[in-house]
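Presented below is the structure to which this report refers.
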Amino acid sequence: MTLFEIGDAQLADVPGIAVRGEIDINAVDALDTALDMQIRTTTGVFVVDLLEATFLDSTGLATLMRARGLLGTEDRELVILCGPGPVRRIFELTGTIELLVIYGSPEEALAALVPAD
């Protein structure tokens, strides 16, 4: 069983990463590197898919907030996919949910990100 894995987010043509497993102090270096590389080589909205993340600690949260700041320097938006559960609860408990754009499913995010014809 993989405790932590990073892959490509599957949200139409929106760039981003998908994270599976536990995001903790042991995983943040890899997460930080993946975010930096992807953010620096893409444009527009950036998505982090946490739908299959099972745990998020303060170091993981800090890494996501740093990514938000990096995107903000280019007037880009960080979108997070995160359903109900322990990971979303961390955003709620820390108040960072008010600072982030969070959708509960890819369908919800696509409906909000793609203007209707």
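With the gyration tensor restricted to C-alpha atoms of the chain, the semi-axes of the equivalent ellipsoid amount to 20, 16, 14 Å, longest first. Nonpolar atom fraction for the chain, defined as the carbon and sulfur part of the 1.4 Å probe accessible area, stands at 53 percent. Summed over the residues of the chain and divided among them, the accessible surface reaches 55 Å² per residue at a probe radius of 1.4 Å.
Starting from 0.36 nm per residue, how many nanometres of slack lie between M37 and D75 once their C-alpha separation is accounted for?
Numbers: separation 38, 0.36 × 38 = 13.68 nm, distance 1.75 nm.
Answer, rounded to one decimal: 11.9 nm.
The values are calculated or read from the model by the stated rules, or taken from the named source; none is laboratory data. None of the values given here were measured: they were computed from a predicted structure. All accessible areas refer to the heavy atoms of the entire protein, side chains included, with ligands and DNA or RNA removed. Shrake-Rupley method; radii C 1.70, N 1.55, O 1.52, S 1.80 Å.
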